[in-house]
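Chemist: This is the structure I have questions about; it appears just below.
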Amino acid sequence: MNQEQIIHENKLYNEISTDLFTTYQEVEAFSTESITPVFKGAKIPRHMWKNILAFMKQSYDQFKSETLVYLFYDEKSKTPWDWWVPPQETAGMTVESSPEDPKYQEQRKLYSDTMFGTVHHHCSTSAFQSGTDEADEVNREGIHFTIGHMDNEEGFDIHCRITIGGCHAEIDAGTYIEQAGDPFKKTAAIPDQMKQEITKFLHTKDIVNLNPDYKKIPFTQMSNVTKRTYTTKTYKNKYPTQLGWNYGNYESSANWYDHNKSKKNQTEEMVECASDSELTGHDALADELVNLIQTDYEYEDILIQYYDYIGDNTSSCELYTGKMQNTRIAKDLKALYNNNKFLSSEKGKEVLILTKEFLFDWAKGNGLDTTINDLKYGLGELQYYEDGEGVQSMATEDVL
């Protein structure tokens, strides 16, 4: 007897066929809001997970950029779980393994054939699942963890997904991590349900907390992590000591100036006046900060902290992946510095420290003392062309 399944009018049927007949029997099915695959193997040992957390924290402290760990599962081993820091290149909120590195092939042979998961962190921002994460994990078998708020040693943020056989779902991060020992004495007169609830709560706290001696753990594989570097160039403008980033848009500062002049289609005298305002005014200060946020991972954190505070994960992803225009960065910076509630928060205080460092460096390089109010004024005056590249000349009568 042959049996196949077909769908007719949104109902599932078994097709039953014999030598004498073919008929169809409706299959009783139940509706569910979600389907979550279940892993039936051993749980990740608690001590191993704590070591992974320690590596994530140490790597964040050293590189201030994402790092990546691969998880492996060997069914034939008494201790089936293992983890590896593959050779990788990190750059802010992006990290890529380096399979072409000779060390990669050499080290990969030391681990089981079955890679079954990943762990990576999102630096000081939350452990949201970015679009890149989802695209990487939806077809990659295993348990995938993202760790966030690496700057908070009192408790990280965590997000977890599982993919098996093409079925992908979010799960509680502690589902497949071994719990600590029972915290209750045998004589404790506590109902079993309450014990379970308390134990589960403690487990959710345990998996995001470091061991006190995490700094003492040596990680030889830290040498597998390299950070992408950038080079700077000095613009030949009114302030030759000012550093700027070479975006490759213009061959020289002279071409950049001609580009502005042709765009504005103004008289020579008006352009010269506007250019002086641009190079010596507060909009030049604001433009320098915008450029640093685009290219410097330390100053990038100014906006990342703000986006994390307002829960704007989409903007974080855009900034991390270089998809955000300068116009948008300037606009959001202006909103940031006008948000007193944010500036009085812990994240806001960190932003103010970074901002003061920027203003100090600016003053040292340009010989001009500036304040946050000057920066706010400059952000209000700053204008870019429609493509977001290059500053428009602003011919204004009132220049502070």
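The values are calculated or read from the model by the stated rules, or taken from the named source; none is laboratory data. Keep in mind it's a predicted model, so treat the numbers as computed, not measured. Because the Cβ atoms are built from the backbone with ideal geometry, glycine has one as well, and the counts that use them run over all protein chains shown.
Chemist: Looking at (1) out of contact with any helix residue (DSSP H, G or I) (no Cβ under 7 Å at 6 or more places or on another chain); (2) surrounded by 10 or more Cβ atoms within 10 Å (Cβ to Cβ); (3) hydrophobic (A, V, I, L, M, F, W, C); (4) under 26 Å from Gln179 (Cβ atoms), which one does Val95 not meet, given that it meets all the others?
Modeler: Of the numbered conditions (1) out of contact with any helix residue (DSSP H, G or I) (no Cβ under 7 Å at 6 or more places or on another chain); (2) surrounded by 10 or more Cβ atoms within 10 Å (Cβ to Cβ); (3) hydrophobic (A, V, I, L, M, F, W, C); (4) under 26 Å from Gln179 (Cβ atoms), the odd one out for Val95 is (4).
Quick grid of which residues meet (1) touching a Phe, Trp or Tyr at 6+ places or on another chain (Cβ under 8 Å); (2) polar (S, T, N, Q); (3) closer than 19 Å to Lys64 by Cα:
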{"site": "Asp287", "(1), (2), (3)": "no, no, no"}
{"site": "Gln294", "(1), (2), (3)": "yes, yes, yes"}
{"site": "Leu303", "(1), (2), (3)": "no, no, yes"}
{"site": "Asp308", "(1), (2), (3)": "no, no, yes"}
{"site": "Tyr320", "(1), (2), (3)": "no, no, yes"}
{"site": "Gln325", "(1), (2), (3)": "yes, yes, no"}
{"site": "Arg328", "(1), (2), (3)": "no, no, no"}
{"site": "Lys331", "(1), (2), (3)": "no, no, no"}
{"site": "Lys334", "(1), (2), (3)": "no, no, no"}
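Chemist: Within the range 382-396, can one find any residue that is assigned to a helix (DSSP H, G or I), surrounded by 15 or more Cβ atoms within 10 Å (Cβ to Cβ) and either modelled with pLDDT under 90 or in contact with a helix residue (DSSP H, G or I) (Cβ under 6 Å, 6 or more places away or on another chain) (or both)? Walk me through it before giving the result.
Modeler: Here is the first cut: in the range 382-396, the ones assigned to a helix (DSSP H, G or I) are none.
Scanning the range 382-396 turns up no residue that is assigned to a helix (DSSP H, G or I), surrounded by 15 or more Cβ atoms within 10 Å (Cβ to Cβ) and either modelled with pLDDT under 90 or in contact with a helix residue (DSSP H, G or I) (Cβ under 6 Å, 6 or more places away or on another chain) (or both).
Chemist: Among Thr32, Thr23, which is the only one that is surrounded by fewer than 10 Cβ atoms within 10 Å (Cβ to Cβ) and either at pLDDT 90 or above or polar (S, T, N, Q) (or both)? Quick ask: steps written out before the conclusion?
Modeler: Details: Thr23 fails: surrounded by fewer than 10 Cβ atoms within 10 Å (Cβ to Cβ).
Step by step, each of Thr32, Thr23 is checked, and only Thr32 is surrounded by fewer than 10 Cβ atoms within 10 Å (Cβ to Cβ) and either at pLDDT 90 or above or polar (S, T, N, Q) (or both).
Chemist: Show me the helices (runs of 4 or more DSSP H) entirely contained within the range 309-360 in which 2 or more residues are farther than 17 Å from Asn373 by Cα.
Modeler: Numbers: elements: 313-320, 326-337, 340-343.
Hits in the range 309-360: 313-320, 326-337.
Chemist: If only one of Glu89, Glu66, Glu15 is surrounded by 13 or more Cβ atoms within 10 Å (Cβ to Cβ) and touching a helix residue (DSSP H, G or I) at 6+ places or on another chain (Cβ under 9 Å), which one is it? Walk me through how you get there before you give the answer.
Modeler: Details: Glu89 fails: touching a helix residue (DSSP H, G or I) at 6+ places or on another chain (Cβ under 9 Å); Glu15 fails: touching a helix residue (DSSP H, G or I) at 6+ places or on another chain (Cβ under 9 Å).
Being surrounded by 13 or more Cβ atoms within 10 Å (Cβ to Cβ) and touching a helix residue (DSSP H, G or I) at 6+ places or on another chain (Cβ under 9 Å) holds for just one of Glu89, Glu66, Glu15, which is Glu66.
Chemist: Quick test for you: out of Leu12, Leu53, pick the one residue that is modelled with pLDDT of 85 or more and outside the structural domain of Tyr214 (by TED's automatic domain parsing).
Modeler: Criteria check complete, one pass: Leu12.
Chemist: For the range 86-116, how many residues are within 19 Å of Val225 (Cα to Cα) and either small (Gly, Ala, Ser) or in a loop (DSSP other than H, G, I, E, B) (or both)?
Modeler: Taking the range 86-116 and keeping what is within 19 Å of Val225 (Cα to Cα), we get 86-111.
Restricting the remaining residues to those that are either small (Gly, Ala, Ser) or in a loop (DSSP other than H, G, I, E, B) (or both) gives 86-87, 91-93, 97-101, 109-111.
The number of residues fulfilling the criteria is 13.
Chemist: Would a scan of the range 73-85 turn up a residue that is surrounded by 16 or more Cβ atoms within 10 Å (Cβ to Cβ) and under 14 Å from Thr226 (Cα atoms)?
Modeler: Yes, the range 73-85 contains a residue that is surrounded by 16 or more Cβ atoms within 10 Å (Cβ to Cβ) and under 14 Å from Thr226 (Cα atoms).
Chemist: Kindly state which strands (runs of 3 or more DSSP E) lie completely within the range 1-78 and contain at least 3 residues that are in contact (Cβ under 8 Å) with a residue 40 or more places away in the chain. Before the answer, list the steps.
Modeler: Values: elements: 2-8, 11-17, 22-26, 68-73.
By residue number, 68-73.
Chemist: Of the residues Phe342, Phe360, only one is assigned by TED's automatic domain parsing to the domain that holds Asp283 and more than 22 Å from Asp312 (Cβ to Cβ); which?
Modeler: Values: Phe342 fails: more than 22 Å from Asp312 (Cβ to Cβ).
Exactly one of Phe342, Phe360 is assigned by TED's automatic domain parsing to the domain that holds Asp283 and more than 22 Å from Asp312 (Cβ to Cβ), namely Phe360.
Chemist: Restrict the check to the range 277-286 and report whether at least one residue is under 17 Å from Met324 (Cα atoms) and either at pLDDT below 85 or assigned to a helix (DSSP H, G or I) (or both). Break it down into steps so the answer makes sense when it comes.
Modeler: Of the residues in the range 277-286, the ones under 17 Å from Met324 (Cα atoms) are 286.
Cutting the leftovers down to either at pLDDT below 85 or assigned to a helix (DSSP H, G or I) (or both) gives us 286.
There is at least one residue in the range 277-286 that is under 17 Å from Met324 (Cα atoms) and either at pLDDT below 85 or assigned to a helix (DSSP H, G or I) (or both).
Chemist: Given the residues Gly166, Gly155, Gly142, Gly174, which is the only one that is modelled with pLDDT under 90 and over 26 Å from Gln62 (Cβ atoms)? Give the derivation first.
Modeler: On the way: Gly155 fails: over 26 Å from Gln62 (Cβ atoms); Gly142 fails: modelled with pLDDT under 90; Gly174 fails: modelled with pLDDT under 90.
From the options Gly166, Gly155, Gly142, Gly174, the qualifying one is Gly166.
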